[in-house]
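Take a look at the structure set out below.
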Amino acid sequence: MTTMRFYLLVMLTMSLPSIVFAGGSPTLCEKDEATLFACPIKKKVVSYCAVPTTPPYYSLSYRYGTPGKIEKSYRVGNDKFADADNMFVHSQPLGPKQTVDSIWFMEPNGITTSLLECGGGNCMSSNPGIVVMKGKKTLAKLICSNYDVMATALDKFPVKQGDNGGLVPNDTELLVEKENPGEPEEIFVKQGVK
């Protein structure tokens, strides 16, 4: 009977999804995807993944949840499996020499999800985060925990610095420059940045 329980435990363990670690951070990206961004938020993980593992990418995916239960996913690309053709990128001044950069998308139901990062000025001590909004109503503000603040959250995305200092898409149709409809600086005011 003990042998049977051992084999059952082994089989159960092997069937559970595993969390993949990218540079020490947990991620919900698959092994055949590039992890563009991943961070823990309380007991869950947010990840942005790309296919293939090296640029040029033909799809970008957002995932939030745990390895056993993805609570929210959104995929952009030019194929039948995509939710939309692209996500958006925007840079917004927050204060003197401070900018909030965002990668965001809007679902058909009007819910906007934004990955935000503050750069420059007093931003050095702030973690990136996710803001979920419907119209002007904030549904969730999630701050990344255990995040290396010396790393740049958006440095793996196909973006570059534009002429005005903000981020712009870099040779990809998956990201389009468009103003973020929410108020992304709120997440950094909560962290005491402003």
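What the table below lists for this structure:
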| item | result |
| --- | --- |
| Extension gain, K141 back to Q92 (0.36 nm per residue minus Cα-Cα distance, nm) | 15.8 nm |
| Fully extended contour minus Cα-Cα distance, from D171 to E71, at 0.36 nm per residue | 32.9 nm |
| Straight-distance crosslink candidates among lysines, where the alpha carbon sits under 28 Å from K44 and sequence neighbours closer than 8 are dropped | K31, K69, K72, K134, K136, K137, K141, K156, K190, K194 |
| Qualifying lysines (Cα of each under 22 Å from Cα of K160; at least 8 residues distant if same chain) | K97, K178 |
| Alpha-carbon centroid distance for the pair segment 98-113 / segment 22-93, whole angstrom | 14 |
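Just so you know, all these numbers are worked out from the coordinates, no wet-lab data involved. Fair warning: this is a prediction, and the values are worked out from it, not measured in the lab.
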